[in-house]
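The values are calculated or read from the model by the stated rules, or taken from the named source; none is laboratory data. Since we're looking at a predicted model, the values are computed, not measured. Here the Cβ is made from the backbone with ideal geometry for all residues, glycine too, and neighbour counts use every protein chain on show. Ligands, DNA and RNA are excluded from the accessible area calculation, which covers all protein heavy atoms including side chains. Shrake-Rupley method; radii C 1.70, N 1.55, O 1.52, S 1.80 Å.
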Amino acid sequence: MDEKDRTLLHLLEENCRTPISELAVLAEMSEQDVKKRIAWLESTGVIRRYGAVIDWERAGNGNVTSVIDLKVSPERDFGYDRIAERIARFPQVRSLRLMTGTYDLQLLVTGSSMHEIARFVAEQIAPMDRIRETATHITMKTYKENGTTFAEREEVERLPYSF
């Protein structure tokens, strides 16, 4: 992988729907070279998939998102990998990361309500072997997601007052 590949990756990460012709101009390559490099990046698993950043609140979806931090006892010979593989199978789990600091694993979880997320943690995650502690944080508002800003500042009319 070279600097041209990294440039393409940054451009695709910014907007994966950018036309090949525009990518070629921005990366200072031929369209054929861009196609070839993207095909190679896809085949080697560097590009895992393409997606959209969606403002679900604006789309009218009432889902609740939460971050769940887990303290985990690592498994001999496998560390955190086996427990992470088990947790990753749940469809509610959107992201799963091994972290430094107080907690070991961090999950991004979605559900239709806070109650559903609480039930998921209480019934599925907390009882698992090797889970020592959970901390659930409910997302109240998303301002930025994957580099895309959601919050548009609304002009608020301030009421005049005096002492």
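Conditions tested, residue by residue: (1) under 15 Å from THR134 (Cβ atoms); (2) open to solvent by 30 Å² or more (accessible area, probe 1.4 Å).
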residue: ASN61; (1), (2): no, yes
residue: THR65; (1), (2): no, yes
residue: SER73; (1), (2): yes, yes
residue: ARG76; (1), (2): no, yes
residue: ILE87; (1), (2): yes, no
residue: PRO91; (1), (2): no, yes
residue: THR102; (1), (2): yes, yes
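Taking strands (runs of 3 or more DSSP E) that fall entirely within segment 71-138, which contain at least 1 residues that are over 27 Å from ILE54 (Cβ atoms)? Spell out how you get there, then give the answer.
Values: elements: 93-98, 105-111, 131-138.
Filter on segment 71-138 gives 131-138.
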Original post:
Residue check: is ALA24 without any contact (Cβ under 8 Å) to a residue 24 or more places away in the chain, of a type in the set (A, V, I, L, M) and out of contact with any helix residue (DSSP H, G or I) (no Cβ under 8 Å at 6 or more places or on another chain)?
Top reply: no
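Yes/no matrix, rows are residues, columns are (1) at pLDDT below 95; (2) under 12 Å from VAL64 (Cβ atoms):
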| residue | (1), (2) |
| --- | --- |
| SER95 | no, no |
| THR100 | no, no |
| ASP104 | no, no |
| LEU108 | no, yes |
| SER112 | yes, yes |
| PRO127 | no, no |
| GLU133 | no, no |
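Residues in segment 109-131 that are open to solvent by less than 50 Å² (accessible area, probe 1.4 Å) and either touching a residue at least 12 places away in the same chain (Cβ under 8 Å) or under 21 Å from GLU57 (Cα atoms) (or both): how many?
So the count comes out to 10.
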